[in-house]
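Here the structure comes first, spelled out in structure tokens, and everything after it is commentary.
What follows draws every value from the coordinates through simple rules; no lab data is involved. In this text the structure is predicted, and so the values were computed from the model without any measurement. Because the Cβ atoms are built from the backbone with ideal geometry, glycine has one as well, and the counts that use them run over all protein chains shown.
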Amino acid sequence: MSGNVLLEYVMPVSRVEVISSPNLQYLHNALVIVKPKTGGGIAQTVVRITSEAELAAITDATMPAKLLKNLSYFYALPVSSLDLTAAGITNIDEYKYWTILIDPAFTDTELEGYKKPSNFNGVTGYASSDEELVIEANKVDKNSYFYSLEDNAGSNMYEAFGALLYARKGIWTNQQYMAMDLSDNIAETSTANAMFDSRVNFVLSDPEQYGNRLALFCVGNGSGASAIVAPYVYEEITTVLQGNALTWINLNEPDYTITQAKLLEDYLQKTIDAYIDNGQISGGTITVTTGNEQFILQGSIVIPEPSAIWRVKATLQEGVI
Amino acid sequence: MIQLWRSENGFSIDGITYYLPDVDGATVTVNERKHLTRGANSTNKKGFVYKENSKQASTIVFDSVNVPAEIAQILKDAYNNETRMDVFCIDNVTGESISAKDCILTTYFQQTNVTEGEDTYNVDIEFETFNLK
């Protein structure tokens with residue numbers, strides 16, 4: 001409905017809409033790949049899960065519900081094969097997520113057929129009782145596999161990812177030594193050392209006092225392992241910088257000048273500084289300059305990788321010299 | 001070094017840039033100082049470093065001329081609301097810059113010289129910051 005004709009005549013007002021900040025919720029969303037419910041049809045449709053009952057309606061797997069300890073919902077996709085590019089999966093592109101968790105009901109052999117959705121570049125989680133498989137998998141960029149007893153059905157993986165994705169107060173944390181529900185029967189220091197050295201995500205159990213504790217949670221980076229928060233923090237900063245660049249260009253309609261490049265650089269540096277101030281990165285700089293190409297500035301961003309402390313190796317010298 | 005004659009000066013609020021079109025100069029004052037000291041017995045040839053005036057903000061003052069009415073109004077509102085601003089002085093040829101982030105305006109924007117002659121247009125706009133680069 002248009003406004004009053006007289007008012008519109010006296011004072012026509014054009015409204016300028018400010019572009020909103022990018023939505024970061026996708027970073028906190030998980031897509032769980034589960035096997036379809038026994039006796040049920042294979043829907044191959046992503047479903048939003050908010051309760052155990054909703055999960056039970058599509059699969060026999062119960063452990064994904066552990067995500068709901070921290071998250072208000074997650075997405076689940078019941079499929080019989082891990083080829084997520086298959087044409088039969090109807091709505092996988094309608095949802096935004098940056099973590100895929102593969103339920104351990106899929107065997108290690110079935111895992112070999114895993115194909116990510118074509119536009120997915122986030123983190124993949126899986127749990128297996130095959131330590132060698134986990135060791136090799138965690139060398140791959142953005143893989144975060146857990147060692148898990150078969151009977152536990154990936155319980156600890158779901159719990160750990162749920163706590164990670166919740167990101168209390170908007171800060172990504174590494175979840176060091178969080179309490180876990182189930183034991184994966186790792187209770188020897190020598191076994192734990194071997195797991196740690198191989199960068200296997202695992203839960204260490206101390207039946208006497210501390211119970212079951214998450215003892216390593218990392219992610220492959222192609223050449224080794226990184227803190228689990230690293231890919232999430234990088235992705236978030238990248239998205240926020242992109243959003244802020246869009247907003248700034250839209251608001252200021254800049255010319256192609258050194259001054260404008262410098263002003264944009266200052267604006268984006270403030271974004272990085274905010275992440276330094278809240279402790280998620282230890283430093284970071286951005287430079288934006290003019291180049292030889294019409295319309296496009298040249299940018300360079302340097303941010304040290306977010307890291308985590310899990311252990312301390314110390315020496316105690318007895319006696320006084 | 002930044003050359004005044006080819007510089008762009010102004011401030012931004014929430015990402016929106018406002019320019020001071022006529023500026024006679026920009027003056028930066030950094031109050032924080034580092035000093036060396038040592039024991040009075042004078043054996044230490046290297047000394048220790050200490051700081052003074054860390055609590056005191058740095059200032060950047062624009063001697064501006066003929067500030068447009070809409071910019072003047074924004075500065076008046078910013079003073080009243082204690083709005084945080086990012087202040088800049090950029091050489092538009094080399095890209096060298098002075099950047100002061102999260103500044104406040106220290107005095108209400110006001111013409112202070114109502115006189116005959118060209119100086120009547122000059123107003124000092126002083127910003128304070130703890131984030132000067």
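General remarks:
- Separation of segment A:268-321 from segment A:86-147 is 29 Å, based on Cα centroids.
- In degrees, nearest ten, helix A:155-166 long axis to first principal axis of chain A (Cα): 20 degrees
- For segment A:275-315, the spherically averaged projection of the C-alpha convex hull amounts to 4.9 nm².
- Highest-MSF residue in chain B out of B:52, B:96, B:32 [GNM, Cα springs under 10 Å]: B:52
- When B:30, A:16, B:87 are sorted by how many other C-beta atoms sit within 10 angstrom of their C-beta, beginning with the fewest, the order is A:16, B:30, B:87.
- Per-residue HN-Hα couplings for segment A:300-306 [Karplus 6.51, -1.76, 1.60; θ = phi - 60°; Hz; x = Gly/Pro]: 9, 10, 10, 9, x, 5, x
- Computed from the Cα positions only, the extents of chain B along the three principal axes stand at 61, 36, 35 Å, in decreasing order.
- Whole-percent P(r), segment A:43-193, all Cα pairs, 10 Å bins from 0: 10, 40, 38, 11, 1.
- Secondary-structure-derived ellipticity at 222 nm for chain A, considering helices only, amounts to -8000 deg cm²/dmol, per-run term -39500 (n - 2.57) for DSSP H runs with n ≥ 4.
- Percentage, to the nearest whole number, of Cα pairs in chain A over 33 Å apart: 39 percent
- Divide the volume of the convex hull around the Cα atoms of segment A:232-302 by the residue count and you get 82 Å³ per residue.
- Largest first, the extents of the alpha carbon coordinates of segment B:1-57 on the three principal axes equal 57, 27, 15 Å.
- Members of A:69/A:115; A:169/A:313; A:115/A:142; A:37/A:66; A:35/A:115 lying beyond 21 Å, as alpha-carbon distances in this model show: A:69/A:115; A:169/A:313
- Candidate aspartates and glutamates - alpha carbon under 17 Å from residue B:34, same-chain residues fewer than 8 apart omitted: B:52
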